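Coordinate-derived values only; no laboratory data. What you see is a predicted model; the values in this text were computed from it and never measured. Counting neighbours? That spans all protein chains shown, and the Cβs are built from the backbone with ideal geometry, glycine included.
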Amino acid sequence: MITKQDIFRLLEQQGVRHDDIVTIHAALRAAGPIEGGADGLIDALKEYLCDGLLLIPTHTWANVNRENPFFDVRSTVPCIGTLAKVAAFRPDAVRSLHPTHSLAVFGKGAAEFIRGEERSATPAPMGGCLSRLYELGGKILLLGVG
């Protein structure tokens, strides 16, 4: 079982700092059992990134389309996996209003980081969250995915 300490060690080994901006793409089933499941992983990452930001994609592109053109940040379910589905509705998350490629963001400055996403006309517009992740030297963590 992957513990919180294992996650901390992995982040340290990969050079992740406590004040970094990190997005994670994860296949929890492929990663193996994690102490506390998806919530345990989110809690561990939040604790480690105590002075940074954690971004978890909560994409809805398969659920928000021509046939169903409505996105409700409070109820539209992500289409990309367990971590996204858990993160999207946690009370400590700030979820962006991007209609198809939303993010759940955790940490200080989360609301500011996602500001303006509702005006996005493409999945990853210049000046949007993913652009900011790049511009600010953020990191991408892959867990159980290639």
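What Kirkwood hydrodynamic radius do you get for the stretch 71-146 when you take the inverse of the mean 1/r over all pairs of distinct Cα atoms, in Å? The partial results should precede the final answer.
Numbers: mean 1/r = 0.0763 Å⁻¹.
One over the average 1/r among Cα pairs gives 13.1 Å for the stretch 71-146.
Under the rule of at least 5 residues apart or a separate chain, name every residue whose amide H is placed under 5 Å from the amide H of ILE2.
Distant-sequence amide H within range of ILE2: ILE34, GLU35.
Going 7 Å from the Cα of VAL145 along its beta-carbon direction, which residues of the stretch 47-62 have the amide nitrogen within less than 11 Å of the resulting point?
Hits in the stretch 47-62 for VAL145 at 11 Å: 56-59.
Normalised by the number of residues in the stretch 1-111, what is the relative contact order in percent for Cα pairs under 8 Å and 6+ residues apart? Before the final figure, lay out the partial values.
Values: 186 pairs, mean separation 30.6, N = 111.
In percent, rounded to a whole number, it is 28.
Rounded to the nearest 20 debye, what is the charge dipole size of the stretch 6-137 about its Cα centre when +1 sits on each Lys and Arg Cβ and -1 on each Asp and Glu Cβ?
Values: 13 positive and 16 negative charges, 77 e Å.
Using Cβ point charges on Lys, Arg, Asp and Glu, the stretch 6-137 gives about 360 debye.
Determine how many Å³ per residue the convex hull of the Cα atoms of the chain encloses.
Working: hull volume 15.4 nm³, N = 146.
Convex hull of Cα atoms, per residue: 106 Å³.
So how tilted is helix 37-48 from the main axis of the chain? Cα-based, degrees 0 to 90, rounded to 10.
For 37-48 against the chain, the angle is about 70 degrees.
Highest GNM mean-square fluctuation, the chain, Cα pairs closer than 10 Å: which of HIS59, HIS25, HIS98?
Comparing HIS59, HIS25, HIS98 in a Gaussian network model of the chain, the most mobile one is HIS25.
In the stretch 1-40, which residues have a backbone nitrogen under 11 Å from the label point lying 7 Å from THR82's Cα in the Cα-to-Cβ direction?
27-40
With label points built 7 Å along Cα→Cβ from the Cα atoms of PHE89 and ARG74, find their separation and express it in nm.
In this crude spin-label approximation the distance works out to 1.4 nm.
What's the tally of Lys pairs in the chain whose alpha-carbon atoms lie under 20 angstrom apart, where the two lysines are 8 or more places apart or on different chains?
On the way: LYS4/LYS46; LYS4/LYS139; LYS46/LYS85; LYS46/LYS108; LYS46/LYS139; LYS108/LYS139.
Count of close lysine pairs: 6.
Test of understanding: in a Gaussian network model of the chain with alpha carbons linked when under 10 Å, which of ASP72, ASP51, ASP19 would top the mean-square fluctuation ranking?
Result for the chain, Cα springs under 10 Å: ASP72 fluctuates most.
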